[in-house]
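One structure is given here, and the rest of the page talks about it.
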Amino acid sequence: TSAALALLGGSVAALVVWKWLGRKMIQKKMEEARRTRDEGMKKMAKAVQQFREQVPSVQTDAILSLPLLELTGRLREGSLSPRTVLYTYLEKALEVTQQTNCLRHFIPECEEQLQEIQRHKEKGLLYGIPISIKDHIGHKGHLATCGLVQCLGTLMEEDSVLVKVLKRQGAIPFAMTNVPQSLFSYECSNPIFGQTLNPLNPQKSPGGSSGGEGALIAGGGSILGIGSDVGGSIRLPSSFCGLCGLKPTAERLRWVLALPFQPCPCAVGPMARDVDSLALCMKALLCQEMFQLDPSVPPIPFDEEVYSSSTPLRVGYYDTDGYFPLPPCMRRAVKETRRALQAAGHQLVPFSPPRIPYVMTELFLKTFFADGGRTWLDVFTGDIVDPGLKPQVNSCKMPRLVKKLLALLLKPLQFLLLLKLKDVAVVSTCRSVKEMWNHHHQIQVYRSQFIARWKELQLDVVLCPVLGPAFTTGYPRKLLTAISSTMLYNVLNFPAGVVPVSTVTEADEEELKLYQGCCDDPWDQTLKQAVSGAVGLPVAVQCVALPWQEELCLRFMKEVETLS
């Protein structure tokens, strides 16, 4: 017996030592990544200082205040040099990241690209424009981490198609921005590079997963950025940070590095200060270079005629999806925009999106957790889990038997759980390949029904709410399913964009005190806490079009932007 106990004690001690060594190794890798990041920032600061000494008379504020269309014009005519613009934005980006921790890495090769564009005979549509890209959009010689330790050892061997096309159009990628761990969060935090803050209010989150982009652009450190969107990851940071952002139909642009789990088609798209910037970016990307580099992208160039049209639109609208009631200011934004559109001669038609609780639980979350979350858990192997993801990770780690017992015990509360599902432990999974095939079929059936309702009402576009205003940091993790307003259009794979139209007023804050949500339950109370203290922060709306109609979506966004 004593020998067995000694053996057991020795095994436990060995296991503890092994786990401790593993954790030390993870810590070492993370420290190395942070050190590399910090050294890159120092090089960036040194390069800016050298430029400042060489060209002391640069009118920084004047350059930073130029809209993208005006800046491209100045660069093409030669009244501004690409070098001056690049170093002006590098300097501002350093300032913004010191306040918000939005940059994951400086791209030193931007200086080589600066030389390269000056050798081109033709000036591309984005000639001389400094551009920021989200962490996982592949750039040669750099990491695509997704905030995960297991991704720290692999440098990209070549530029992604998206980066190649941007460079071909004369853009200068200069920085990669921070993301939440595994990209599955709209809180922008990971254990390697830390938490990103909202430049408009450091107590607030910039949203996610393209939160680093949102913070950098909103802070003035970038004029154009590229994000990605699986459940709202372009649109939520745009809403939280007061930007314009477009999630195109997923296949309209070339996709980049993806994780092994994708609950919906993942779309890449632009983020900027105004709609014209988004349109210019889409026009630049939808070119022969893109179609040749990736034949799987449909060769559909940007339709300028649709974007420039002034024909009155037939607009469907709703201010709640009936699943997760949004704060009063977000519903106010839809109502005010609806009235402005009507006054401008557009036709407004009430529209009600069908069966959103079913879409959230049966279509979106069931796709993501079809295997009980095992594929997602695999990406955390040999990693430290970010506090923002621990509730979801722990739920997925529960043994199946425990989940079944939990589901049985919670059956009396089934309706409430379906309505406000926070705990992924009670999401049903696909138990066979046949069930998975049927699940995919159900998504297509829903999509067909949604389009049929849209066509029945003869709609051109839809105006609807987006989650906001910016949440206080730490709250997105508590309200995973509050993203129903954006997630719907990922399931449907429709182009959808966000436009800021107002700001939170004192009256909104007073009305928030009376907010009861759906049932005045803990989730509703948590949402109230998440968005309180937001006076002055941006309030946005969401604009939607049918698949492949990005130009119409942008045209509608431009109309909303002009009227607001």
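The values are calculated or read from the model by the stated rules, or taken from the named source; none is laboratory data. Model, not experiment: these values are computed from the prediction. In this analysis, Cβ positions are derived from the backbone assuming ideal geometry, glycine residues included, and neighbour counts consider all displayed protein chains. What goes into the accessible areas is simple: the full protein's heavy atoms, side chains included, and nothing from ligands, DNA or RNA. Shrake-Rupley method; radii C 1.70, N 1.55, O 1.52, S 1.80 Å.
So that you can scan it fast, the table gives a plain yes or no per residue for (1) over 30 Å from residue 444 (Cα atoms); (2) touching a residue at least 60 places away in the same chain (Cβ under 8 Å); (3) surrounded by fewer than 20 Cβ atoms within 10 Å (Cβ to Cβ); (4) within 23 Å of the chain's Cα centre (by Cα):
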{"position": "293", "(1), (2), (3), (4)": "no, yes, yes, no"}
{"position": "329", "(1), (2), (3), (4)": "yes, yes, no, yes"}
{"position": "342", "(1), (2), (3), (4)": "yes, no, yes, no"}
{"position": "353", "(1), (2), (3), (4)": "no, yes, no, yes"}
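Only one of the numbered conditions (1) in contact (Cβ under 8 Å) with a residue 60 or more places away in the chain; (2) over 19 Å from residue 274 (Cα atoms); (3) buried (at least 19 other Cβ atoms within 10 Å of the Cβ); (4) out of contact with any helix residue (DSSP H, G or I) (no Cβ under 7 Å at 6 or more places or on another chain) is not met by residue 530, and that is (1). Hey, among the residues in the range 83-93 that are in contact (Cβ under 8 Å) with a residue 40 or more places away in the chain and open to solvent by 10 Å² or more (accessible area, probe 1.4 Å), which one's farthest from residue 70 (Cα to Cα)? Filtering first and then ranking leaves 91. Only residues that are assigned to a helix (DSSP H, G or I) and either under 27 Å from the mean Cα position of the chain (by Cα) or of a type outside the set (A, V, I, L, M, F, W, C) (or both) were counted across the range 446-481, and they come to 15.
Of all the numbered requirements in (1) within 20 Å of residue 270 (Cα to Cα); (2) free of Cβ contacts under 8 Å to residues at least 24 places away in the same chain, residue 155 misses one, and that requirement is (1).
Once the range 69-122 is narrowed to residues that are at pLDDT below 95 and charged (D, E, K, R), the residue that is farthest from residue 146 (Cα to Cα) is 121. No other residue among 316, 269 is of a type in the set (Gly, Ala, Ser), under 26 Å from residue 127 (Cα atoms) and either assigned by the TED database to the domain that holds residue 450 or modelled with pLDDT of 95 or more (or both) apart from 269. When the criteria are applied in full, residue 246 fails the requirement of being in contact with a Phe, Trp or Tyr (Cβ under 7 Å, 6 or more places away or on another chain) and either modelled with pLDDT of 95 or more or under 23 Å from residue 492 (Cβ atoms) (or both).
Listed by first and then second residue, the pairs linking a residue in the range 115-134 that is assigned to a loop (DSSP other than H, G, I, E, B) to a residue that is hydrophobic (A, V, I, L, M, F, W, C) and open to solvent by 10 Å² or more (accessible area, probe 1.4 Å), with Cβ atoms under 7 Å apart and 6 or more places separating them unless they lie on different chains, are 125/280.
Has the range 358-381 got any residue that is in a loop (DSSP other than H, G, I, E, B) and loosely packed, with under 14 Cβ neighbours inside 10 Å? Yes: one or more hits. Can you find a residue in the range 128-144 that is open to solvent by less than 30 Å² (accessible area, probe 1.4 Å), acidic (Asp, Glu), within 30 Å of residue 74 (Cα to Cα) and in the same structural domain as residue 69 (by the TED database)? Yes, the range 128-144 contains at least one residue that is open to solvent by less than 30 Å² (accessible area, probe 1.4 Å), acidic (Asp, Glu), within 30 Å of residue 74 (Cα to Cα) and in the same structural domain as residue 69 (by the TED database).
β-branched (Val, Ile, Thr), over 26 Å from residue 204 (Cβ atoms), surrounded by 20 or more Cβ atoms within 10 Å (Cβ to Cβ) and assigned by the TED database to the domain that holds residue 216, is that true of residue 96? Here the answer is no, as residue 96 does not meet what is asked.
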